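A.B. asks: Here's a structure for you.
The values are calculated or read from the model by the stated rules, or taken from the named source; none is laboratory data. None of these values were measured; they are calculated from a predicted model. Ideal geometry is used to build each Cβ from the backbone, glycine not excepted, and the neighbour counts take in all protein chains shown.
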Amino acid sequence: MDYSLANDHAMQTSETLSPLVGLSVDEIRTQFTQSYYQGYREFEAKKPPSPGWKRWFEKWFN
């Protein structure tokens with residue numbers, strides 16, 4: 001999942017939860033996007049190293 005899609009989901013969920021929890025939509029969305037980045041860092045930390053040719057290929061096409 002990329003950030004744009006995660007942000008869209010966070011916004012929709014925040015709009016639903018805001019009246020129930022008494023926080024603003026932006027406060028809840030910010031918390032969700034922070035958790036996205038925490039998960040992304042965790043994923044990157046546990047990802048096994050790629051072979052050299054694959055890193056080169058990803059560098060050029062990402």
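A.B. asks: Among the listed residues THR16, THR33, which satisfies the condition of being closer than 18 Å to TYR3 by Cα and either of a type in the set (Val, Ile, Thr) or at pLDDT 95 or above (or both)?
C.D. replies: None of the other options fit; the residue is THR33.
A.B. asks: Having 3 or more residues that are at positive phi and surrounded by 10 or more Cβ atoms within 10 Å (Cβ to Cβ) is the bar; report the helices (runs of 4 or more DSSP H) wholly within the chain that clear it.
C.D. replies: In the chain, no matching helices (runs of 4 or more DSSP H) lie anywhere.
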